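All remarks here apply to the structure that follows.
The values are calculated or read from the model by the stated rules, or taken from the named source; none is laboratory data. Everything numeric here is computed off the predicted structure, so don't read it as measured data. Cβ sites come from the backbone with ideal geometry, for glycine too, and all protein chains shown count toward neighbours.
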Amino acid sequence: MTQVSLRKNHPEPLAPSPAPPGTPSEPRPSSTPTADGGPDRVVRARAWAGASAQTWTAPFSKQAQRNARLALAAEPVLDPENPHVRRMGRIRNALARVGIDLRQLDPKQAPRLHVLDVGVQHGNAVVRTAAGQAGLARGAEISLDVDDPDPARLHRIVGPTPSAASADVVALARAMEGGTATEAQVAELMEAILAGWVNHLRCAVAEVRYDAPKDNRMTVLNLSLAWSPRQVARDQLLPLLQLTPPQSPLGKALAGAPGNSFTDKAVALAQRAWTQNPRRGTLAAARALLEAELARGQNQGILAVKAMGNQGDSPLSPPAVAGVADLVEVGAVNRNGPVWVADFSSVGRPDLSAPGVGLPVGRGGTPKDGTSFATPLVASVVWAMVAVNPNLEADDVEQLLKDPRLLHELPEPDRAGAGSLDPFAAILVAKYPQASEADIEAARNAAFDEPPNLKALQEVRQRLTSSRP
């Protein structure tokens with residue numbers, strides 16, 4: 001069964017897997033067809049066939065848990081004065097002052113946190129964001145899976161899976177190479193590639209659902225990955241357009257597209273094709289299948305939290321799964337100073353946003369930017385919300401994340417969503433669902449005060465306790 005690889009171009013795949021075709025170490029395709037299939041090889045390798053791992057790490061397995069432990073063990077001691085570290089430390093201390101001590105939580109009674117990611121280095125940084133020194137899920141039972149699912153095993157779990165690598169799609173790729181493809185066919189090819197990726201994401205979510213232990217504990221699934229038409233244009237169409245004869249109709253259209261570089265022209269051509277040609281329904285069908293799988297996961301206690309992507313503001317930027325039900329999508333903001341929406345955060349109306357700029361979670365504590373790192377911050381807040389109130393179900397948490405009490409409203413809702421998540425308010429409301437905005441503000445004032453006002457804290461605790469149903 002042919003699958004779209006979840007892997008992006010990444011320099012460190014897990015051994016013993018070979019680096020996927022299209023990684024920085026692979027040269028760009030030449031301008032002449034090659035003996036191993038020319039552009040067909042490019043399309044199949046870079047778009048939907050992928051380079052699946054030769055060995056598979058099952059979700060929640062001992063190997064997946066070991067992957068996460070290694071990521072956390074490699075974290076250096078972070079500077080306590082780092083703005084993000086300091087902010088998260090203050091939130092933990094403030095929660096403890098109002099009687100919610102995250103350090104005292106029993107990991108076996110709290111949710112599981114599973115990270116499905118695209119590569120080792122990236123996955124390690126995501127794990128550290130959620131459960132490291134700068135996260136709120138410290139001590140969580142966490143696992144990291146960066147392998148593509150085993151196709152044979154997926155066939156047993158979900159049955160036959162729609163594939164993008166059909167004869168008509170290969171024909172479209174050849175038409176692009178020859179320059180005879182129309183812009184409508186360019187859009188058709190883009191849709192097929194995106195649909196293949198969505199189908200593969202569905203299969204990966206299905207594997208997580210299938211492997212999740214059958215108990216009453218919730219699973220928070222972190223998906224710090226995204227795929228958009230803009231990425232397809234740059235990563236899949238660009239190699240094919242490099243093979244397009246300049247004097248062909250498509251070559252002339254490419255030459256006349258706006259932009260100073262070949263890449264800019266290719267993206268402009270793809271944007272025009274995508275916006276001016278209606279979809280055929282292939283992508284919509286794949287999205288519907290994903291929604292059904294996510295709904296099954298929620299019924300089983302799995303809440304998926306996904307990155308919106310880092311493609312900025314353009315007609316090609318919204319990810320292929322933007323707006324899919326039962327999927328919490330996260331944009332990025334900066335919290336070091338006045339809050340603003342990160343320029344790179346993709347449009348497409350995420351559910352909410354979180355800090356995604358300058359997080360010290362890379363190798364040696366180097367700062368990382370991206371919705372990939374805003375997402376595990378939200379996942380860690382979700383983990384803490386359920387840890388302090390195990391009665392919350394996955395759909396309860398999804399609805400709570402839309403509650404105005406938990407959010408700081410921001411301009412640009414198309415990139416910030418309903419607002420920036422307030423971790424203190426979110427965990428407080430999870431513990432005390434009836435708390436009013438006045439209760440939350442009183443708790444915030446008392447808990448963050450330095451030195452702490454013990455009398456005010458006692459009054460806040462009584463107020464919160466009396467608000468419980």
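Evaluated against (1) part of a loop (DSSP other than H, G, I, E, B); (2) surrounded by fewer than 24 Cβ atoms within 10 Å (Cβ to Cβ), Gly364 falls short on exactly one condition, (1). Within the stretch 298-331, the set of residues being surrounded by 23 or more Cβ atoms within 10 Å (Cβ to Cβ) and assigned to a helix (DSSP H, G or I) is empty.
Would a scan of the stretch 436-444 turn up a residue that is closer than 25 Å to Val357 by Cβ, crowded, with 16+ Cβ neighbours inside 10 Å and within 29 Å of the chain's Cα centre (by Cα)? Scanning the stretch 436-444 turns up no residue that is closer than 25 Å to Val357 by Cβ, crowded, with 16+ Cβ neighbours inside 10 Å and within 29 Å of the chain's Cα centre (by Cα). Evaluation of Pro350 against the conditions (1) over 30 Å from Leu241 (Cβ atoms); (2) assigned to a helix (DSSP H, G or I) shows that the sole unmet condition is (2). Counted as qualifying within the stretch 160-242 are the helices (runs of 4 or more DSSP H) with 1 or more residues that are surrounded by 18 or more Cβ atoms within 10 Å (Cβ to Cβ) and either within 25 Å of the chain's Cα centre (by Cα) or at pLDDT 90 or above (or both), namely 183-211, 229-232, 238-241. Which count do you get for residues in the stretch 324-347 that are of a type outside the set (A, V, I, L, M, F, W, C) and modelled with pLDDT under 95? Of the residues in that region, 6 qualify. Within the stretch 77-101, restricting attention to residues that are surrounded by 15 or more Cβ atoms within 10 Å (Cβ to Cβ) and among the hydrophobic types (A, V, I, L, M, F, W, C), the residue that is nearest to Val388 (Cα to Cα) is Ile100.
Scanning the stretch 386-432 for residues that are over 21 Å from Ala137 (Cβ atoms), assigned to a loop (DSSP other than H, G, I, E, B) and without any contact (Cβ under 8 Å) to a residue 40 or more places away in the chain returns a single hit, Glu409.
Conditions tested, residue by residue: (1) among the aliphatic types (A, V, I, L, M); (2) out of contact with any Cys (no Cβ under 6 Å at 6 or more places or on another chain); (3) surrounded by fewer than 24 Cβ atoms within 10 Å (Cβ to Cβ).
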site	(1), (2), (3)
Thr371	no, yes, no
Ala387	yes, yes, no
Asn391	no, yes, yes
Leu410	yes, yes, yes
Ala416	yes, yes, no
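When the stretch 266-311 is filtered for residues that are among the aliphatic types (A, V, I, L, M), out of contact with any Pro (no Cβ under 7 Å at 6 or more places or on another chain) and closer than 26 Å to Phe373 by Cα, the ones remaining, listed by number, are Leu290, Leu294, Ala295, Ile302, Leu303, Ala304, Val305, Ala307.
Output yes when any residue across the stretch 251-272 is closer than 30 Å to Val120 by Cβ and β-branched (Val, Ile, Thr), and no when none is. The answer is yes; a qualifying residue exists.
Just one of (1) at pLDDT 95 or above; (2) touching a strand residue (DSSP E or B) at 6+ places or on another chain (Cβ under 9 Å) fails for Gly362. It is (1). With respect to the conditions (1) modelled with pLDDT under 90; (2) on the phi < 0 side of the Ramachandran plot; (3) surrounded by fewer than 17 Cβ atoms within 10 Å (Cβ to Cβ), Gly281 lacks only one, and its number is (2).
Based on this model, can you work out whether Thr366 counts as free of Cβ contacts under 8 Å to residues at least 12 places away in the same chain and under 30 Å from Val120 (Cβ atoms)? Judged against the criteria, Thr366 is a match.
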